[in-house]
Amino acid sequence: MTKLEICTIEDANPGRVYLYPEGAFYKAYQKSAWLLCTRVHPFKVSARPLKGLEGPLLSVGFPQSSLDKFSAASARTRFVKRSVTGL
């Protein structure tokens, strides 16, 4: 899955936090990153240009071992783990 494909998924995101495993971390992009920062924890947001995308690609990340900590911090936020290949 490419970063542009992730952005397409995020454009249609109904308000869930989609987490994408990348190595030992989970990353959230675009709307999912915003939801994590506003509902769960004030993560530092990374913004970088991505060819084919208007505006920057927004992302946040945290270690997979911290998922339970952040899930417990916000009962009203639904986390969805997405499988990723090709990143």
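The values are calculated or read from the model by the stated rules, or taken from the named source; none is laboratory data. On a predicted model such as this, the values are computed, not experimentally measured, just so you know. Cβ coordinates were reconstructed from backbone atoms using ideal geometry, including for glycine residues, and neighbour counts include every protein chain displayed.
In table form, for the structure just shown:
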item: Residues of region 7-23 satisfying the condition of being farther than 15 Å from residue 39 by Cα, buried (at least 16 other Cβ atoms within 10 Å of the Cβ) and β-branched (Val, Ile, Thr); result: 9
item: Per-region count, region 55-82, residues modelled with pLDDT under 90, surrounded by fewer than 12 Cβ atoms within 10 Å (Cβ to Cβ) and farther than 14 Å from residue 41 by Cα; result: 1
item: Considering residues of region 24-54 that are of a type in the set (Val, Ile, Thr) and surrounded by 13 or more Cβ atoms within 10 Å (Cβ to Cβ) only, the residue nearest to the chain's Cα centre (by Cα); result: 45
item: Residues located in region 8-20, provided they are of a type outside the set (Val, Ile, Thr) and touching a strand residue (DSSP E or B) at 6+ places or on another chain (Cβ under 7 Å); result: 10, 16, 18, 19, 20
item: Criterion: closer than 17 Å to residue 2 by Cα and modelled with pLDDT of 85 or more - qualifying residue of 27, 44; result: 27
item: Number of the exception - residue 12 against (1) free of Cβ contacts under 8 Å to residues at least 12 places away in the same chain; (2) on the phi > 0 side of the Ramachandran plot; (3) not hydroxyl-bearing (Ser, Thr, Tyr); result: (2)
